[in-house]
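The values are calculated or read from the model by the stated rules, or taken from the named source; none is laboratory data. Worth saying up front: this structure is predicted, and the values here are computed from it rather than measured. Cβ placement follows ideal geometry from the backbone for every residue including glycine, while neighbour counts extend to all protein chains displayed.
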Amino acid sequence: MRGDRRVIVVANRLPVMRARGESRTGWEVSPGGLVTALLPIVQSRRGAWVGWSGSAERSIRAFSHEGVPIRPVTMTDAEIRDYYHGFSNRTLWPLYHDAIRTPEFQRHWWRAYVEVNRRFARAAASTARAHDLVWVQDFHLQLVPGMLRELRPDLRIGFFLHIPFPPEELFAWLPWRVEVLRGLIGADVVGFQTFSDAQNFSRLARRFLDLDGTDTELSIGRRKVRVGSFPISIDFQGFESIAERPETIERAREIRRRLGASRKMILSVDRLDYTKGIDLRLKSYEMMLDRGEIDVNRCVMVQVAVPSRESVPDYADMRTLVEQTVGRVNGEHSSPGRVAVHYFRRALGREELVAYYRAADVMMVTPLRDGMNLIAKEFCASRPDLGGVLLLSEFAGAARQLRRALLVNPRDHDGTAQSLREALTMPRDDARQRMAVLRMMVRRHDVHEWAREYLEALA
Ligand code: ADP
Ligand code: G6P
């Protein structure tokens, strides 16, 4: 492996955001798994990061943050509307997540997507030096590999999709399906979260681009494109070490005391997204309360939801639905000092998040569809005490690896209720044994291994 090659990351978002606080003139590292994984690599491999600042600032000069050259790509308000909110979040996101919401197809969104992808490709081309590795991330930038190859055939180009890649029945809806596939096969390695995502892609590329090849390799003339699954993960040690701190353990105890120490705590943490199944999960819980299968003296649910993409109508609708459901459940079932559902609409800091993970008896992660789902993995890493039971949707990429979780179909309320009962009453030794296996899996396959394996394949 040519470990000395520089690595340029190209992602919709930069790894830094405007610092909070009064002046908002400085930058701080953005939270999140992708940044934790890739920033140290870019740092040690003397690379750079090409991305968008998240706002419509007209011009932001290139700068360095903790030794990493940052190359901001700017967008106008109209481009943010059409490329980001429109094509990325109202066409691709629902289409790639089983069309849980109806994808919208608008020509002018597509045009903005092409235009902004071209800008990212040009920025990458002018940042990369001869023979660098360029690693393009996620669904916002699927045209970049092809555009970049035209500009810079000397580069090794990788692409990784963090979300699911749909089967033919859905992907074929896209009026620009051929263009998207052509963009992706510009890469030398096209990486996905699961084997079935990779297989969907290879089959579609063979069908619509008339390429030769197999599920794992495609041929374009003499050029070979490797297609594979590289399940993303988390910084296991980082989470574990926070979970082991005395302050975290004390904070977890305090959370339990406040909720009522004798009650079982059911926790969910999500971005407030309609793919996450928050509404259905609340309904399953409500059904159990209605039937008297659980009661508020013995159980409490905590739902933490970070606001996300709020100018997209389906997200605003989901927020309304979640808040109405929480209101109804609490109205029907809470009593003084015994709230049925605690709902926090905010992001928690890393330490606080780990304290919640450590406090929970049951962690419910029940998306309708999810590329991977890192929260399930973070929960396992945060339980060095081997406590807690993970209830996980079959439709999260993580379910392929975390086989010892209780796997559920979130649309099946009776099945979900049964699994929740099982989780709440699981004998301690069974739960500990399951958690030990889950932790071993996440420890062994952490985010550093993910990045190493991908870059080895690319180099
Ligand atoms: P997605 O990428 O679709 O949001 P993931 O589960 O893969 O879903 O990743 C979510 C990331 O965001 C995790 O690293 C998680 O810790 C973080 N996160 C989600 N919700 C919150 C929250 N309420 N507070 C703090 N961090 C959160
Ligand atoms: C998912 C996507 C990421 C995206 C993140 C947050 O994880 O795969 O690419 O950055 O959601 O969404 P946002 O639209 O706020 O960037």
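Restricted to segment 4-40, and to residues there that are surrounded by fewer than 11 Cβ atoms within 10 Å (Cβ to Cβ) and either under 24 Å from E378 (Cα atoms) or small (G, A, S) (or both), the residue that is modelled with the lowest pLDDT is S23. Checked against the criterion of being assigned to a loop (DSSP other than H, G, I, E, B) and under 30 Å from H333 (Cβ atoms), the candidates S262, S284 yield just one match: S262.
If we keep just the residues of segment 305-320 that are outside any loop (DSSP other than H, G, I, E, B) and more than 9 Å from ligand 1 (Cβ to nearest atom), which is farthest from P94 (Cα to Cα)? My answer is T320.
Any residue that is surrounded by 22 or more Cβ atoms within 10 Å (Cβ to Cβ) and free of Cβ contacts under 8 Å to residues at least 40 places away in the same chain - is there at least one of those in segment 414-421? So that I can check it myself, show each step before the final result.
Residues of segment 414-421 that are surrounded by 22 or more Cβ atoms within 10 Å (Cβ to Cβ), as a first pass: 416, 419-420.
If we keep only those that are free of Cβ contacts under 8 Å to residues at least 40 places away in the same chain too, we end up with 419.
Yes; the residues of segment 414-421 include at least one that is surrounded by 22 or more Cβ atoms within 10 Å (Cβ to Cβ) and free of Cβ contacts under 8 Å to residues at least 40 places away in the same chain.
For segment 208-228, the set of residues classified as in contact with a helix residue (DSSP H, G or I) (Cβ under 8 Å, 6 or more places away or on another chain) and surrounded by fewer than 13 Cβ atoms within 10 Å (Cβ to Cβ) consists of D212, T214, listed by residue number.
Going by the conditions given, is A396 of a type in the set (A, V, I, L, M, F, W, C) and buried (at least 21 other Cβ atoms within 10 Å of the Cβ)? Can you show your working first?
Numbers: of a type in the set (A, V, I, L, M, F, W, C): yes; buried (at least 21 other Cβ atoms within 10 Å of the Cβ): yes.
Yes; evaluated as a whole, the condition is true for this residue.
Yes/no matrix, rows are residues, columns are (1) surrounded by fewer than 18 Cβ atoms within 10 Å (Cβ to Cβ); (2) charged (D, E, K, R):
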{"residue": "V329", "(1), (2)": "no, no"}
{"residue": "A347", "(1), (2)": "yes, no"}
{"residue": "R403", "(1), (2)": "yes, yes"}
{"residue": "A431", "(1), (2)": "no, no"}
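Taken residue by residue, segment 75-83 has no member that is at pLDDT 90 or above and either outside the structural domain of A123 (by TED's automatic domain parsing) or assigned to a strand (DSSP E or B) (or both). Quick check: anything in segment 144-161 within 16 Å of ligand 1 (Cβ to nearest atom), closer than 19 Å to A205 by Cα and either of a type outside the set (D, E) or surrounded by 23 or more Cβ atoms within 10 Å (Cβ to Cβ) (or both)? Looking through segment 144-161, at least one residue is within 16 Å of ligand 1 (Cβ to nearest atom), closer than 19 Å to A205 by Cα and either of a type outside the set (D, E) or surrounded by 23 or more Cβ atoms within 10 Å (Cβ to Cβ) (or both).
Note on segment 119-154: among residues that are of a type in the set (G, A, S) and within 20 Å of R45 (Cα to Cα), the one that is farthest from the chain's Cα centre (by Cα) is A130.
Restricting to segment 257-298, give me the number of residues that are in contact (Cβ under 8 Å) with a residue 40 or more places away in the chain, hydrophobic (A, V, I, L, M, F, W, C) and within 27 Å of R350 (Cβ to Cβ). Of the residues in segment 257-298, 8 are in contact (Cβ under 8 Å) with a residue 40 or more places away in the chain, hydrophobic (A, V, I, L, M, F, W, C) and within 27 Å of R350 (Cβ to Cβ).
Close contacts from segment 370-385, counting a first residue that is touching a residue at least 40 places away in the same chain (Cβ under 8 Å) and outside the structural domain of L353 (by TED's automatic domain parsing) and a second that is assigned to a loop (DSSP other than H, G, I, E, B) and near ligand 1 (Cβ under 8 Å from one of its atoms), with Cβ to Cβ under 8 Å and a gap of 6+ residues or different chains, come to none at all.
Only residues that are of a type outside the set (G, A, S) and assigned to a loop (DSSP other than H, G, I, E, B) were counted across segment 321-378, and they come to 12. For segment 327-370, a tally of residues being away from ligand 1 (no atom under 15 Å from the Cβ) and hydroxyl-bearing (S, T, Y) returns 2.
Can you pull out every residue in segment 242-259 that is more than 26 Å from the chain's Cα centre (by Cα), over 17 Å from D361 (Cα atoms) and not in a loop (DSSP other than H, G, I, E, B)? Spell out how you get there, then give the answer.
Residues of segment 242-259 more than 26 Å from the chain's Cα centre (by Cα): 245-247, 249-251, 253-259.
From what's left, over 17 Å from D361 (Cα atoms): 245-247.
Within segment 242-259, P246, E247 qualify.
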